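The values are calculated or read from the model by the stated rules, or taken from the named source; none is laboratory data. Since we're looking at a predicted model, the values are computed, not measured. Because the Cβ atoms are built from the backbone with ideal geometry, glycine has one as well, and the counts that use them run over all protein chains shown.
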Amino acid sequence: MKWRLLLDFCLLGLAGIAVPLAAQTPQNEAAMAELFSSEPQFSLKCRLTIEDQTGDTKTRDLSITALRTAGDKKFLAQVTAPSFLKNLKFLRLETKDGTGTWLKTARGTQRLAPQADPESLFGSDFTTGDFQPGSNDWVVGVSDSLTIVLERPTEPRFGWSRQILTLRKADHLILRSDFLSQDGTLVRRYEVKAFSEAGVPSHVELADLKNRRRSTLVVVAFDSAKPISGSLFLPGSL
Amino acid sequence: MRHRHIVFLVLLVLLGPSVGAQEFSPLFSGGVSAEAGDQPGSLHAVVDMGFDARWEALSGQFIGGASLKEGRPTWDLTHAWLEFSAEAGGLKAGVWPDGRGPAQFRSLVPGFTTGSGTEFLATAGTATPPSPGKVVLKLVTGEWSWTGEVSPWRPAPSMPDTTSPWFPRKDVPTSIPGLLYPLRAIRTVAVPSEVGWERWPVRSELRWLALWGDISVGGYHGIDTQAFFPLRLIYAYDPNLLDVFDLVLTPRLSPVSMVWLTLEVPVAAGTLWTEQRLTKDRPKVAAGYLLVPGGQTALDQNTTTSDVWEGLWGGAYSLSAGSWGQVRMWTEASVYRDMGTPEKKAPDFTAGWVGGVSWEESRGLGSLDVLAGTPWDPVQGWLWARATWNWMEGRTLWLGVPVFWGAADTAWGQFASRRVWALGTTWDQ
């Protein structure tokens, strides 16, 4: 079974619309970037470990489900353990008519405005902003035969003013995403740390280097064959 | 009765793993909070235990436990429900707390949910709106959903204990013309929760939830969820009889009908919402007293009904403070227009405002909340601040301080002289 990486979780708007490579621009290279599998549907279970400056850790077991149909992308992440956090959910719907994002926390379910500032996901270093559609100002960096490197300026008030994205050329899998401050210091990094035997990422890390903390995701189960119902992704059911 | 509850709860937890669930999670939670000030303080404690489980399309949750509220122990099943989920919707039956709306404590689900502002303040925002057991049928097709609810019980009227510092004493007269003595003793009367099937509350709501926003229309018919406690004055007071009270508060269970329209739209970096609600035959106090027939020397406060329009407009905005966390702001303005009664045609109009700012550390290590509200006229209101520290995973320590202002004969001003603070801890496993 061929599946590419995880992490529809972060980092870019994922248009996922096939475009002939020859016609690709940096913008749509970025838009095609994949963090989880590019299969039409998949579900996975993973363990999120959140480590703070002192080395203390917290863990959450997550269930992540994604479904793609013509022009539509649906993504649901929910905490399955510990039990008292079970109601935490993140839902993102992307259709030809627009995009909607909902976050269910202990304070209730809230719809996130399209231009809302990013919020932490489940207390980790991953944020809702990591799912927002990518901008159109990517430029090609130093690429080689295996990777594509893209760069873009970012909103500096979040602590970084430049993002450098490294994609695997063959499948546009995100291998690394670096966030640099105005003086060029690396302050945040997403990186694939390990791959499974099938050549897909099984361990990824998002490090907040400025605050010396990090969040890691280790995939424990992946299934792209089991049918997934579209009713899982109804905001009214959160 | 209490022992039966305990045995039931223990059985639930012990037998839980053997019910053949695909997923089974035991749940334990506890909390202690103390409320103190210039009046006698009170202690609240809650210990809950239970489990949730899933069997294919069926899931359920059973949580109950003991609580101590203002010195009185109670035993409750707070969550006891079963839900069947299918592609086209689901059916859920049992007891569970209703969720709150986007403005943190104002529910956008009129109908069954009850709750009072004083309860919210007294528990530093931790109070869960009580809800009676009910059956909910939900049908979903695409962006449309329809929800129907019915309950064999009435919503519980909410009134703080007469000894509570949150008891609304400004609404209680201290003397009555014609009586030679001041009113001293007060008691409230509990009413049975069962109602006849012909008075079962029913609720129906049609919702369209699209990417651009969501809109819903709904209706409710049943007992009014706004607590209404008309007074009964015991006229022939005998100070030698300890069981005789000057004043008795009995909740009036009056049926009302309401319809509403809600709209929520994300705009740029924020969210806007509105709710418009019409209520027919809401009971209220009228001038004068009526002699209670039947021999007892007592007077009942006169009551009447009127139709009411409630309008609410709100907005929320969330701002990232980077690794420092998140700042959320929201505000709501509301109007309450009493359309008048057969005796008094002129409508009454009141307006109010509530708003809040909260900061939450990016890792969820702590939060600060400040909420405030005022009815605008007369000048009175409340402000409430709470600091929360999540010192360990699932362990929380919080401190809440409410402040009130206004004249002593106003709804919030009556609490202005009170210096109250609340300290609490919660534990989840």
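For the stretch B:267-283, give me the residue count where each residue is away from chain A (no Cβ under 14 Å) and either surrounded by 18 or more Cβ atoms within 10 Å (Cβ to Cβ) or in contact (Cβ under 8 Å) with a residue 40 or more places away in the chain (or both). Before the answer, list the steps.
So the first thing to find is which residues in the stretch B:267-283 are away from chain A (no Cβ under 14 Å), and the list is B:274-283.
Still in the running and either surrounded by 18 or more Cβ atoms within 10 Å (Cβ to Cβ) or in contact (Cβ under 8 Å) with a residue 40 or more places away in the chain (or both): B:274-275, B:277, B:279, B:282-283.
So the answer is 6.
Evaluated against (1) over 28 Å from residue B:324 (Cα atoms); (2) out of contact with any helix residue (DSSP H, G or I) (no Cβ under 9 Å at 6 or more places or on another chain), residue A:156 falls short on exactly one condition, (1). Among the residues making up the stretch A:100-109, a single one is facing another protein chain (nearest Cβ under 7 Å) and either buried (at least 20 other Cβ atoms within 10 Å of the Cβ) or hydroxyl-bearing (Ser, Thr, Tyr) (or both): A:100.
Okay, residues lined up against (1) at pLDDT below 85; (2) more than 10 Å from chain B (Cβ to nearest Cβ); (3) surrounded by fewer than 19 Cβ atoms within 10 Å (Cβ to Cβ):
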site	(1), (2), (3)
A:79	no, yes, no
A:90	no, yes, no
A:111	yes, no, no
A:121	no, yes, no
A:125	no, no, no
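Working carefully through the options B:316, B:286, B:333, find the one that is of a type outside the set (D, E, K, R), within 27 Å of the chain's Cα centre (by Cα) and buried (at least 18 other Cβ atoms within 10 Å of the Cβ). I'd like the intermediate steps shown before the answer.
Details: B:286 fails: buried (at least 18 other Cβ atoms within 10 Å of the Cβ); B:333 fails: buried (at least 18 other Cβ atoms within 10 Å of the Cβ).
Just one listed residue meets the conditions, B:316.
Residue A:179 passes every criterion in (1) modelled with pLDDT of 90 or more; (2) closer than 22 Å to residue A:201 by Cβ; (3) surrounded by fewer than 19 Cβ atoms within 10 Å (Cβ to Cβ) apart from (3). Applying a threshold of 7 Å to beta carbon distances and a minimum spacing of six or more residues, or different chains, the list of pairs starting in the stretch A:66-84 at a residue that is under 15 Å from residue A:124 (Cβ atoms) and ending at one that is of a type in the set (Val, Ile, Thr) reads A:77/A:64.
Could you please let me know if residue B:307 is within 12 Å of chain A (Cβ to nearest Cβ) and assigned to a strand (DSSP E or B)? Explain how you work it out, then say what you get.
Values: within 12 Å of chain A (Cβ to nearest Cβ): no; assigned to a strand (DSSP E or B): yes.
No: the conditions fail for residue B:307.
Look at the stretch A:41-64: where a residue is at negative phi and a partner is among the aromatic types (Phe, Trp, Tyr), sitting 6+ places away or on another chain with Cβ atoms under 6 Å, you get A:44/A:222; A:60/A:122. Which ones in the stretch A:45-67 are over 27 Å from residue B:23 (Cα atoms) and away from chain B (no Cβ under 11 Å)? Residues satisfying the conditions are A:54, A:55.
Conditions tested, residue by residue: (1) over 22 Å from the mean Cα position of the chain (by Cα); (2) within 29 Å of residue B:307 (Cα to Cα); (3) not in a strand (DSSP E or B).
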site	(1), (2), (3)
B:367	yes, no, no
B:379	yes, yes, yes
B:397	yes, no, no
B:400	no, no, no
B:427	yes, no, no
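In this structure, residue A:197 does not qualify as of a type in the set (Asp, Glu) and within 30 Å of residue A:111 (Cα to Cα).
Here the strands (runs of 3 or more DSSP E) wholly within the stretch A:179-238 that include at least 2 residues being under 16 Å from the mean Cα position of the chain (by Cα) and without any contact (Cβ under 8 Å) to a residue 40 or more places away in the chain are A:186-195, A:201-208. Scoring residue B:3 on the criteria (1) within 14 Å of another protein chain (Cβ to nearest Cβ); (2) modelled with pLDDT under 80 leaves a single failure, condition (1). Considering only residues of the stretch A:224-237 that are surrounded by fewer than 18 Cβ atoms within 10 Å (Cβ to Cβ) and at pLDDT 85 or above, which is nearest to the other protein chains (Cβ to nearest Cβ)? Across the stretch A:224-237, the extreme among qualifying residues is A:227.
Go through the stretch B:137-165 and report how many residues are at pLDDT 75 or above, assigned to a loop (DSSP other than H, G, I, E, B) and not polar (S, T, N, Q).
Just the residues of the stretch B:137-165 that are at pLDDT 75 or above, to begin with: B:137-153.
Pick out the ones that are also assigned to a loop (DSSP other than H, G, I, E, B) and you get B:142-143, B:151-152.
Narrowing further to those that are not polar (S, T, N, Q): B:142-143, B:152.
Within the stretch B:137-165, residues that are at pLDDT 75 or above, assigned to a loop (DSSP other than H, G, I, E, B) and not polar (S, T, N, Q) number 3.
Tallying residues that are surrounded by 15 or more Cβ atoms within 10 Å (Cβ to Cβ) and in a loop (DSSP other than H, G, I, E, B) within the stretch B:57-92 yields 1.
Name the single residue that is nearest to the other protein chains (Cβ to nearest Cβ) among those in the stretch A:188-223 being among the acidic types (Asp, Glu) and either crowded, with 16+ Cβ neighbours inside 10 Å or within 22 Å of residue B:86 (Cβ to Cβ) (or both). Working first, answer last.
First pass over the stretch A:188-223, keeping only residues among the acidic types (Asp, Glu): A:191, A:197, A:205, A:208, A:223.
Retained after the next criterion (residues that are either crowded, with 16+ Cβ neighbours inside 10 Å or within 22 Å of residue B:86 (Cβ to Cβ) (or both)): A:191, A:205, A:208, A:223.
Values: A:191: 19, A:205: 16, A:208: 6, A:223: 16 Å.
Step by step, filter the stretch A:188-223, then rank; the result is A:208.
For every residue, the table says whether it meets (1) at pLDDT 75 or above; (2) closer than 30 Å to residue B:290 by Cβ; (3) touching a Ser or Thr at 6+ places or on another chain (Cβ under 8 Å).
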| site | (1), (2), (3) |
| --- | --- |
| B:191 | no, yes, yes |
| B:237 | no, yes, no |
| B:241 | no, yes, no |
| B:244 | no, yes, no |
| B:265 | yes, no, yes |
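Within the option set A:150, A:146, being surrounded by 20 or more Cβ atoms within 10 Å (Cβ to Cβ), at pLDDT 80 or above and away from chain B (no Cβ under 14 Å) holds for one residue only, A:150.
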